[in-house]
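What follows is a single structure, written as structure tokens, with notes after it.
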Amino acid sequence: MNKLSANIDFLNKTRVKVDEKLFSETITHTLSYLKKEGQYVLSVTIVNSKEMQKLNREYKGKDAPTDVLTFPYSSEKQEDEPFIDLGSVILCHDICKKEAEKRNENILKTYALLLIHGILHIFGYDHHRSKSEEKEMFSLQEKILDTLCYDFITDMKLMKKCLKEAQSRAYTPYSHFNVGAVVVTKDGKYHLGCNIENSAYSVACCAERVALFKVISQGYKKEDIVSLGCITSSSNIGTPCGVCRQAMAELMNLKCPVYIFNNDMDKKLFTTVEGLLPYSFSSEDLFAK
Ligand code: THU
């Protein structure tokens, strides 16, 4: 049973579109990384630099905008309160944008890092106190960000193009059922796989496993894999077979996104490895005493 639940009270006061899912997933992941249990709620607000400057002046006595402000409320359960109300994290879109450009990274990644930073403050971490605490907090926030399974990398337009290319390479003289698969790795590469059949039918290998095995055999590790996409020549959404699901559960992070398309790409299913194969068998079961 999952003993952690995190709710977000989200408010975006800018005109810029942002995916609320990123913030809620970041909160859940950070709390679970910190091994927290219980029911939490955190308010996250996105503001522009003018409003941030005002808040920083009023509450912190600094007349300048800043990237993130944290207003901790509570980090432990209060009597008669069903939720642990962590308080509020305010993020400034304009400063986030500048920081993301400086680091040459996706703004969503900067948002996630700053939100993690704010949550760590709520739990008592403070980089202002000493050099060693600064080192501890900064390295922890990087580790949490690194293990957050949010897809900052996959470009859906490129994924679709690569899927069609992969599918066109299918070797299917027997079934004529063409499947394409693409694995995206953290270095931004798209690795293509297709199904390869054989006159001895059982020798055939599915596109998903061809792509995955290709990636692993090149030296990539589980942590390097960002996402997997697949397409079949069906008008339905043909989801990966059981054998491929088991291979994915071993070689990919269970939270990794999986993007599935039908042949015309007018139907899609976006899920995760765990979504395709809950309760999968793993080495943990094999070696359990
Ligand atoms: N196939 C895949 O490539 N992936 C799947 O997940 C399901 C099936 C292939 C295997 C075979 O070449 C053809 O589709 C018909 O089963």
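Per-structure values
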quantity: Alpha carbon centroid spacing (whole Å) that separates the stretch 42-109 from the stretch 251-289; calculated: 34
quantity: Peptide ranges 243-249, 154-160 listed from the most packed, as the mean C-beta count within 10 angstrom indicates; calculated: 243-249, 154-160
quantity: The chain: most fluctuating residue of R209, R169, R15 per GNM, C-alpha cutoff 10 Å; calculated: R15
quantity: DSSP beta bridges in the stretch 1-156 [antiparallel fraction, %, rounded to 5]; calculated: 25
quantity: Long-range HN-HN contacts of V179 with modeled amide H, under 5 Å; calculated: N195
quantity: Most mobile of I216, I260, I225 in a GNM of the chain (Cα contacts under 10 Å); calculated: I216
quantity: Angle in degrees between helix 242-251 and the longest Cα principal axis of the chain, rounded to the nearest 10; calculated: 50
quantity: Along each principal axis, Cα extent of the chain, largest first, Å; calculated: 75, 48, 36
quantity: In degrees, nearest ten, helix 20-33 long axis to first principal axis of the chain (Cα); calculated: 80
quantity: The chain: antiparallel DSSP beta bridges as a percent of all, rounded to 5; calculated: 50
quantity: Cβ-defined net charge surrounding T45, 11 Å radius [Lys, Arg +1; Asp, Glu -1]; calculated: -1
quantity: 0 to 90° range, to nearest 10: angle between helix 156-168 axis and the chain longest Cα axis; calculated: 10
quantity: Dipole magnitude of the stretch 158-219 about its Cα centre (Cβ charges: Lys, Arg +1; Asp, Glu -1), debye to nearest 20; calculated: 220
quantity: Radius 13 Å from Cβ of H29, net charge of other residues (Lys, Arg +1; Asp, Glu -1); calculated: +3
quantity: Highest-fluctuation residue, L11, L120, L192 considered, GNM on the chain with Cα pairs under 10 Å; calculated: L11
quantity: Dipole magnitude (debye, nearest 20) for the chain, charges at Cβ of Lys, Arg, Asp, Glu; calculated: 820
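Readers should treat all values here as calculations from the given coordinates under stated rules, not as data from a laboratory. A quick note: this is a predicted structure, and the numbers were derived from the prediction, not measured. In this analysis, Cβ positions are derived from the backbone assuming ideal geometry, glycine residues included, and neighbour counts consider all displayed protein chains.
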